[in-house]
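Encoded as structure tokens, the structure appears first; notes follow it.
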Amino acid sequence: MLTKKVSKIFEEARKEGRKYLLEPEAKTICMDYGIPVTKFNVAKTAEEAVKFAEEIGYPTVLKIVSPDVIHKFDVGGVALNLKGPEDIQDAYKKILANVKKHKPDAKITGVLVQEMAPPSTEVIVGATKDPQFGPALMFGLGGIFVEVLKDVTFRIAPITEQDAREMITEVKAYPVLKGYRGQPPADIDSIVKILLNTSKLVMDHLEIKELDLNPIMVYAKGAKTVDARIILE
């Protein structure tokens, strides 16, 4: 599924000498491959940010979009849980001021306006390119499970549906996905679909060195990728 849209994004990044794709670029690629993401748009002004937030619906999140800012939180480039036009305008100005203070030479493309995904079970899907075996997929639950316990599973791409289901059931935290302490079971089929579509994406585009979908909020029905990162070779 080598679409013109995806090829154009890679081409533009190469022309600009960028290995890190911008978040809206990474999310556009995800959407093209049937990987669900939070609703988003890129604003160039505070007024535009308010307009997009109204269209997306509150609460919303603002994030800086810049090829020179990889870790947005470190420079004060993110504002969460914004509930109205005043919040948006204030946050927009603060984000730009923070980035100019911490990274005065950063080229700012705009500010990402995205829906604030309701809290739920968090999972992570990733991919890295192994020099010997090619793309390898990773799956795990978010937060403490991956950060502290390193509770993740791997498969060499391309994967089958059976591979995807085994990756999910192999993590020690699998019972959390089945419903834990009164929580509804997570939509396993949605996770399977994301794993299969991610496998297809990294096989179609072998120039992808790393891919990180983190976190993905999984609900009783459906899932949403909150943050997407793609690094090219």
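The values are calculated or read from the model by the stated rules, or taken from the named source; none is laboratory data. Here the structure is a predicted model, which is why all the values come from computation and not from measurement. As a convention, Cβ positions derive from the backbone with ideal geometry for all residues, glycine included, and neighbour counts pool all protein chains shown.
A quick yes/no check of all residues on (1) basic (Lys, Arg); (2) in contact with a helix residue (DSSP H, G or I) (Cβ under 7 Å, 6 or more places away or on another chain); (3) over 29 Å from ASN81 (Cα atoms):
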residue: GLU161; (1), (2), (3): no, yes, yes
residue: GLU170; (1), (2), (3): no, no, yes
residue: PRO175; (1), (2), (3): no, no, yes
residue: ARG181; (1), (2), (3): yes, no, no
residue: ASP187; (1), (2), (3): no, no, no
residue: ASN197; (1), (2), (3): no, no, yes
residue: VAL202; (1), (2), (3): no, no, yes
residue: VAL218; (1), (2), (3): no, yes, no
residue: LEU232; (1), (2), (3): no, yes, yes
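Is it true that some residue in the range 142-156 is within 30 Å of ALA53 (Cβ to Cβ) and either in a strand (DSSP E or B) or within 18 Å of the chain's Cα centre (by Cα) (or both)? Yes, that holds for at least one residue.
Residues in the range 11-27 that are at negative phi and either assigned by TED's automatic domain parsing to the domain that holds VAL78 or surrounded by fewer than 19 Cβ atoms within 10 Å (Cβ to Cβ) (or both): GLU11, GLU12, ARG14, LYS15, GLU16, ARG18, LYS19, TYR20. Does any residue of the range 96-105 turn out to be assigned to a strand (DSSP E or B) and surrounded by fewer than 19 Cβ atoms within 10 Å (Cβ to Cβ)? For the range 96-105, residues assigned to a strand (DSSP E or B) and surrounded by fewer than 19 Cβ atoms within 10 Å (Cβ to Cβ): absent. In summary, no strands (runs of 3 or more DSSP E) completely within the range 176-233 bear 2 or more residues that are free of Cβ contacts under 8 Å to residues at least 60 places away in the same chain and of a type in the set (Ser, Thr, Tyr). Evaluate the following for GLY126: is it under 30 Å from ALA53 (Cβ atoms), in contact with a strand residue (DSSP E or B) (Cβ under 6 Å, 6 or more places away or on another chain) and not polar (S, T, N, Q)? Yes: the conditions hold for GLY126.
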